[in-house]
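For reference, the structure is listed below as structure tokens.
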There are 4 protein chains.
Amino acid sequence: MEPIGRKRWAIAEGYIPAQSSFSDRTLISHETACILNPGGREAHVDITIFFSDREPIGPYRVTVAPRRTLHLRFNDLTQPAVVPRDTDYSSVFESDVPIIVQHTRLDSRHAEVSLLSTTAYADG
Amino acid sequence: MEPIGRKRWAIAEGYIPAQSSFSDRTLISHETACILNPGGREAHVDITIFFSDREPIGPYRVTVAPRRTLHLRFNDLTQPAVVPRDTDYSSVFESDVPIIVQHTRLDSRHAEVSLLSTTAYADG
Amino acid sequence: MEPIGRKRWAIAEGYIPAQSSFSDRTLISHETACILNPGGREAHVDITIFFSDREPIGPYRVTVAPRRTLHLRFNDLTQPAVVPRDTDYSSVFESDVPIIVQHTRLDSRHAEVSLLSTTAYADG
Amino acid sequence: MEPIGRKRWAIAEGYIPAQSSFSDRTLISHETACILNPGGREAHVDITIFFSDREPIGPYRVTVAPRRTLHLRFNDLTQPAVVPRDTDYSSVFESDVPIIVQHTRLDSRHAEVSLLSTTAYADG
């Protein structure tokens, strides 16, 4: 497959609700960055998290194997720091090879499930 | 109509819930790639499905007639293999003529319907 | 304001549920194309609706005054023909001046409200 | 970090429901423009709100500090005028440095929460 994707992406929206109506991992309130690496080389992705009232945290470092997808939960990020709940944030992704990034939230603060998703902003 | 669209598209998010609250086809949990072929020639579209832990599957081959839309459910893909449920995936679309691709999920794991949608990533 | 926007847009997803849980106009199941004309000249927009199994219908002709937005419900289109309910469709927008198009569905087939939205595909 | 983002953005959809099922600020029906300023200089952002039947209002002036995100609720805008509820609008963002803008609505007109989100239209 010819190269497809971009190296720099941004998601301006970010908010992980602390509350959930379910204990099942699939239905706990979460935000995800779906990262597709369609090419033949491993992707090294540096993620920076921005806040409204403090310095950014990062880089969070993830690798995505060639021809693989990683549906990365912001809830699961721990190094260099946990992403705080009930807190506004944004994120920027910088990869050494072309990738595609899509943003999703599953929100189960109340008894039903709400979803949002958007292709992230691709720069350059 | 002048040509409109692109030949290569990607959707980084993919997840078909196995569970549904309804048996009606329109309300069963599903993911759709809406593919518009606005031009005068038949579109031959090769779809590759990427996973987190195994080699990609594909190509799935679909054709979209000239001046027609195809709302393709990933649930319905069977050749070369069914798309597994409750499994993270991504998809790439390669067409021989310009098309437009939009991604939608209808999620009815619980008693209500949740929706997400985004214009896919257009490459090149 | 300097010109902002594009002249050609496409929305691959289209589906107006026939069913609604509410009779209030704001909560009846509907799909909307939000069309912003930020510039100083009237926008003449031709809309073509594409289907899966029949020839496209159009053009639907709408005008958007200078510095105005039009949140156009596909439900309300009648000339040259009503947009059928419970039917897959797509749409293409061609304007004589730059505009911005965003797609939204409010789905109230069941007792709650579900929403989806995406910036449409901008061509050229 | 190298500059990422664009200076001009538009959101064609806009609608703040007057009704909410909750009194908690996080769950009151609202629309948000998430604005990320990833660079090293303060962003001065002028926002213009467009309507269907009257002249635009603006500029609303906001600043986003370097390396910060601002999740700006349209509900909170008061100068030069409050954004009316239950009213169709659109918005345009003009910044002196590159930013990224994403649009979100949380709709709690009924007892559950519905969400929509999309990366805004980036111009130029």
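The values are calculated or read from the model by the stated rules, or taken from the named source; none is laboratory data. Note that the structure is a prediction, hence the values are computed from the model and not measured. In this analysis, Cβ positions are derived from the backbone assuming ideal geometry, glycine residues included, and neighbour counts consider all displayed protein chains. SASA here: full protein model, heavy atoms, side chains in, ligands and nucleic acids out. Shrake-Rupley method; radii C 1.70, N 1.55, O 1.52, S 1.80 Å.
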Please list, ordered by first then second residue, the pairs with beta carbon atoms under 8 Å, 6 or more apart or interchain, first in region D:6-33 and under 22 Å from C:GLU112 (Cα atoms), second among the charged types (D, E, K, R) and loosely packed, with under 15 Cβ neighbours inside 10 Å. D:TYR15/D:ASP86; D:ILE16/D:ARG85; D:ILE16/D:ASP86; D:PRO17/D:ARG85; D:PRO17/D:ASP86; D:ALA18/D:ARG85; D:ALA18/D:ASP86; D:THR26/A:ASP86
Look through region A:26-57, keep the residues that are over 21 Å from B:GLY14 (Cβ atoms) and open to solvent by less than 10 Å² (accessible area, probe 1.4 Å), and return whichever of them is farthest from the other protein chains (Cβ to nearest Cβ). A:ILE49
In region C:64-83, what residues are part of a strand (DSSP E or B) and not hydroxyl-bearing (Ser, Thr, Tyr)? C:VAL64, C:ARG68, C:LEU70, C:HIS71, C:LEU72, C:ARG73
(1) buried (at least 23 other Cβ atoms within 10 Å of the Cβ); (2) at the interface with chain B (Cβ under 8 Å from one of its Cβ atoms) all hold for A:ALA120 apart from (2)
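Tell me whether region C:59-76 contains one or more residues that are over 14 Å from the mean Cα position of the chain (by Cα) and within 24 Å of B:ARG105 (Cα to Cα).
No.
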In this structure, does A:SER21 turn out to be within 8 Å of another protein chain (Cβ to nearest Cβ), of a type in the set (Gly, Ala, Ser) and open to solvent by 30 Å² or more (accessible area, probe 1.4 Å)? no
The lone exception for A:ASP86 - which of (1) assigned to a strand (DSSP E or B); (2) at pLDDT 95 or above it fails: (1)
Looking only at region B:7-14, decide whether some residue is buried (at least 19 other Cβ atoms within 10 Å of the Cβ) and over 15 Å from the mean Cα position of the chain (by Cα). no
Tally up the residues in region D:58-99 that are open to solvent by 40 Å² or more (accessible area, probe 1.4 Å), among the β-branched types (Val, Ile, Thr) and more than 26 Å from A:GLU55 (Cα to Cα), please. 2
Search result, residues across region B:19-41 that are in contact with a strand residue (DSSP E or B) (Cβ under 6 Å, 6 or more places away or on another chain) and within 21 Å of B:SER95 (Cα to Cα): B:GLU31, B:THR32, B:ALA33, B:CYS34, B:ILE35, B:LEU36, B:ASN37, B:PRO38, B:GLY39, B:ARG41
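Would you confirm whether any residue within region D:109-116 is in a loop (DSSP other than H, G, I, E, B) and at pLDDT 95 or above?
Checked against the condition, which is being in a loop (DSSP other than H, G, I, E, B) and at pLDDT 95 or above, region D:109-116 yields no hits at all.
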Which one of the conditions (1) more than 12 Å from chain A (Cβ to nearest Cβ); (2) outside any strand (DSSP E or B); (3) of a type outside the set (S, T, N, Q) does D:TYR60 fail to meet, given that it meets all the rest? (2)
Tabulated pairs, region D:69-86, first more than 22 Å from D:ILE100 (Cα to Cα), second charged (D, E, K, R) and assigned to a strand (DSSP E or B), C-beta under 8 angstrom, 6+ apart or interchain: D:GLN79/D:ARG61
For C:THR26, which of the numbered conditions (1) β-branched (Val, Ile, Thr); (2) in a loop (DSSP other than H, G, I, E, B); (3) more than 13 Å from the chain's Cα centre (by Cα) fails to hold? (2)
Picked from region C:83-117 (must be touching a Pro at 6+ places or on another chain (Cβ under 6 Å) and farther than 17 Å from B:THR104 by Cβ), the residue nearest to the other protein chains (Cβ to nearest Cβ) is C:VAL92
Out of B:ALA33, B:ALA81, B:ALA111, which single residue is out of contact with any Leu (no Cβ under 8 Å at 6 or more places or on another chain) and more than 23 Å from A:PRO66 (Cβ to Cβ)? B:ALA111
